[in-house]
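The values are calculated or read from the model by the stated rules, or taken from the named source; none is laboratory data. Everything numeric in this text was worked out from a predicted model, so none of it was measured. With ideal geometry, Cβ positions are generated from the backbone for all residues, glycine too; neighbour counts draw on all protein chains shown. For accessibility, only protein heavy atoms count, side chains too; no ligands or nucleic acids. Shrake-Rupley method; radii C 1.70, N 1.55, O 1.52, S 1.80 Å.
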Amino acid sequence: METKTHKKLNELESTAICGNDISSSVLYVSALAISFAGQYAWITLLIVSVVLFLFRRIYGEVVGALPLNGGAYNALLNTTSKFMASFAATLTILSYMATAVISANEAIHYLHHVIPAMPIIAATIGLLSLFALLTIGGITESAKVAIGIFLFHLSSLVVLSGFIIFFLINNGIGIFLDNWSFPVSKNGSILTAIFLGFSASMLGVSGFESSANFVEEQKKGVFPKTLKNMWVIVSIINPLMAVFALSLFAIPLLQSDAYQNTLLVEMAQHVGGNWVAILISIDAFLVLSGAVLTSFVGVSGLLERMTLDRIMPQFFLKKNKKGSSYRIIIMFFILSVSVLLITQGEVSVLAGVYTISFLSVMALFGIGNILLKAKRGQLPRPEKAKWISVVLAIIGVIIALIGNILMEPEKGQPSNLIVFLDYFIPFIVFVVIMLNRTLILKLILKLIHYMFDPLRKTVFSMDKKITQTIDRINKQEFVFFTKGDNIATLNKVMLYIIKNEHTKKIKIVHVISHNESIPKNLAEEIKFLDREYPQIKIEFIIEEGIFGPELINELSERWNIPVNFMFIGSPSEKFEHKVEDLGGVRLII
């Protein structure tokens, strides 16, 4: 099979693709952390930064040793079983699905602030289709769009930070200091507030795993640089924006619904006026759109790897001229749109899927690192994570996972775990079916045999009996007494036999007296008819004697053919016997 080489991604391109996802978290994670941890939100975000720092080497070691697309799936595939790897892959796919739908919908909501007349659902579908087409067009083309979004996002944050710093220089940090006296009674103790705030803040590193899912598309040495760049971004902007928010607004206001959804826009409006708010709204739309692109690129790399490993149907391996697995992208697009329509745009219900899937994938990647150390210790790798770092990182993610499961859902909504299971179970059932499809097909075959073998035996028995009956009917021979070699007459005889009788054999008999000669063309004409009517075997017989009742009866007994199965042409007036004297011979000509 001819393979076509494609341009690999450089550091900026790779960082932009996955960085849009992780850096878009600044739009919601600071508000989310403040909602649970209050004035301690920036501390929880710094703890998240420490956990992510530990994961840098974990990812670097695993992907450095196994530089293949697939992320946690690839790590577990090469250290455990296909089922465990598929389990991780299912979680990753769910995470990407939730990311794509939530990010697209939130992006349109931000744009809706600028264009109020825009229909939310239709525009969200349009945004998903746009990035599906971009991904189908090729990953390098997608990277160009990602770079533009990424640089605009960072520039917008720099502009916003500049306005906030200028505002604080002129107005002081009194609000920030006042917020430290605000009680944390909403979540009980300080420890509980930090625990829940940390659990919520871990959503701020969503997208960190994306780079590992398209590592094969990156130039050599680029992957660890993308991890470092993403870590630097979230370590600076997320805690910084939490500090800025606590410096601009009182905690009760920050914990209100309005500020939870559009915190950065409110901050921009407060310090820079309408045009800065519009800038941040546009930036939010673009960077959340970039997170949609990350989802399409990441899931494409992951599902292509799973398809190569025969976990997914081989139908998805088809590529276009740009080298994109367009069928995977189309399937993911259809899935995302269906989820959007099912939820009727209320995609907040997907938060449980998004949270638990992403954190589970992070934990499984850490477990994959441990298994790689234990089972594949001789495998060369560019860097190694220390055991204590891996254990602490896994513990940190598990704590966040538990926190998100224990969080009370919004009023009228099911818990995160219930929503997660609603989507996870159908996915994992499909994967289990694909992994055990030969066993399932064998069971189905046995069930079919169990149900239909008795019927099949009955059918075979009936078939045999009916076939025997047909053969018995067709074994009956017929006789035609011919007077001459008229081919037209003989052909009429054959047509009559085929149309009216069930037989596969006929004897054409010519009776001659002692001194009489055989018509010269008769034998050749009968051979001709034998070839023309292959379904009936014609036997040509010359019988000496005198044609009459005695000869007919004699031949009937000799050949065991009833007289009524013997035919003649209509006799002339010169024929010395009457028809009724011939014992039932039939006239057919």
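Each residue of the range 272-285 in order: what ³J(HN,Hα) in whole Hz does its phi give by Karplus 6.51 cos²θ - 1.76 cosθ + 1.60, θ = phi - 60°, with x for Gly and Pro?
x, x, 5, 5, 5, 5, 5, 4, 5, 5, 5, 4, 4, 4
Sorted by average packing, counted as other Cβ atoms within 10 angstrom per residue and highest first, what order do 279-292, 305-318 take?
279-292, 305-318
Rounded to the nearest 0.05, what FRET efficiency do Phe182 and Asp309 have when you use their Cβ-Cβ distance and R0 = 60 Å? Working shown, then result.
Values: r = 53 Å, r/R0 = 0.88.
Working from the Cβ atoms, E equals 0.70.
Taking θ as phi - 60°, what are the ³J(HN,Hα) couplings along the range 98-113 by the Karplus curve (6.51, -1.76, 1.60), each to the nearest whole Hz, with x for Gly and Pro?
5, 4, 4, 5, 5, 5, 5, 5, 5, 4, 5, 5, 5, 5, 4, 5
Can you tell me what percent of all Cα-Cα pairs in the range 40-136 are more than 19 Å apart?
Within the range 40-136, distances greater than 19 Å cover 64 percent of Cα pairs.
Roll a 1.4 Å probe over the protein heavy atoms and report the accessible area of Val48 in Å², nearest 10.
The accessible area of Val48 comes to roughly 10 Å².
Tell me which trypsin sites (Lys or Arg not before Pro) from the range 455-537 have a DSSP coil assignment and no more than 12 other beta carbons within 10 Å of their own.
Qualifying residues, ordered by number: Lys475, Lys520.
Show me the ranking of peptides 387-399, 428-440 by mean Cβ neighbours inside 10 Å, starting with the highest.
387-399, 428-440
Using only the alpha carbon atoms of the range 213-289, find the Kirkwood hydrodynamic radius as the inverse mean reciprocal pair distance, in angstroms to one decimal.
After inverting the mean inverse Cα-Cα distance, the result is 14.7 Å.
To the nearest 10 degrees, how steeply does helix 522-532 sit against the main Cα axis of the chain, on a 0 to 90 scale?
20
Please identify every one of the trypsin sites (Lys or Arg not before Pro) in the range 166-272 that sits in a loop by DSSP and has no more than 10 other beta carbons within 10 Å of its own beta carbon.
Passing both the DSSP loop test and the Cβ count: Lys220.
Using DSSP to call loops (not H, G, I, E or B), can you name the GluC sites (Glu not before Pro) in the range 1-109 whose Cβ has at most 10 other Cβ atoms within 10 angstrom?
Details: sites: Glu2, Glu11, Glu13, Glu61, Glu106; in loops: Glu2.
Passing sites in the range 1-109 are Glu2.
In degrees, nearest 10, range 0 to 90: what is the angle between the Cα axis of helix 437-474 and the longest Cα principal axis of the chain?
On a 0 to 90 degree scale, this one is about 10.
Counting pairs on different chains as well as pairs 8 or more places apart, how many Lys pairs in the range 130-238 have Cα atoms under 24 Å apart?
Within the range 130-238, the lysine pair count is 6.
Net charge near Leu379: determine it from the other residues with C-beta under 15 Å of the C-beta of Leu379, scoring Lys and Arg +1 and Asp and Glu -1.
Spelling it out: positives minus negatives among the neighbours equals +3.
Starting from the Cα coordinates of the range 412-471, work out the convex hull volume and express it per residue in Å³. Intermediate results must be reported in sequence, preceding the final value.
On the way: hull volume 7.9 nm³, N = 60.
Residue-normalised Cα hull volume stands at 132 Å³.
Given points 7 Å out from each Cα along the Cα-Cβ axis, report the Met434 to Leu133 separation in nanometres with one decimal.
2.8
At 0.36 nm per residue, minus the direct Cα-Cα distance, what do Ser572 and Thr489 gain on full extension? Give it in nm, one decimal, please.
28.4 nm
Might you work out the accessible area of His502 for me, using a 1.4 Å probe with all protein chains in place, and round it to the nearest 10 Å²?
Counting only protein heavy atoms, His502 exposes about 130 Å² to solvent.
What whole-number value in cubic angstrom gives the convex hull volume per residue for the C-alpha atoms of the range 356-473?
Residue-normalised Cα hull volume stands at 213 Å³.
If one puts a single equal scatterer on every Cα of the range 205-344 and applies the Debye formula without solvent, what log₁₀ I(q)/I(0) results at q = 0.09, 0.21 Å⁻¹?
Result of the Debye calculation: -0.43, -1.27.
Between Ser155 and Ser81, what FRET efficiency comes out of the Förster formula 1/(1 + (r/R0)^6) with R0 = 35 Å and r the beta carbon distance, rounded to 0.05?
Working: r = 46 Å, r/R0 = 1.33.
After rounding, the FRET efficiency stands at 0.15.
Treating the beta-carbon of each Lys and Arg as +1 and of each Asp and Glu as -1, no other charges, what is the dipole magnitude of the chain about its Cα centre, to the nearest 20 debye?
1700
Would you calculate a helix-derived [θ] at 222 nm for the chain, using -39,500 (n - 2.57) for each DSSP H run of n ≥ 4 and dividing by the full residue count, to the nearest 500?
Result for the chain: -22500 deg cm²/dmol, rounded to the nearest 500.
So what's the gap between the Cα centers of the range 467-494 and the range 272-336, to the nearest angstrom?
If you average the Cα positions of each part, the centres end up 76 Å apart.
Taking the Cα atoms only, what angle lies between the long axis of helix 139-171 and the longest principal axis of the chain, rounded to 10 degrees?
20
Say R0 is 25 Å: what FRET efficiency, to the nearest 0.05, do Glu539 and His514 get from their beta-carbon distance? Display every interim value, and only then the final one.
On the way: r = 23 Å, r/R0 = 0.93.
In this case the efficiency is close to 0.60.
Could you point to the label whose value was computed as Rg and Dmax of the Cα atoms in Å for the structure here, given (i) 22.9, 72; (ii) 25.6, 79; (iii) 42.6, 144?
Correct label is (iii).
Provide the per-residue ³J(HN,Hα) series for the range 379-394, in order, calculated from phi with Karplus coefficients 6.51, -1.76, 1.60 and θ = phi - 60°, each as a whole number of Hz, with x at glycine and proline positions.
After applying 6.51 cos²θ - 1.76 cosθ + 1.60, I find 5, x, 8, x, 8, 10, 8, 5, 4, 4, 5, 5, 5, 5, 5, 5 Hz.
Percent antiparallel among DSSP beta bridges with both residues in the range 465-551, to the nearest 5? List each step's numbers first, then the result.
Values: 0 of 12 bridges.
Taking every DSSP beta bridge with both residues in the range 465-551, the antiparallel ones total about 0 percent.
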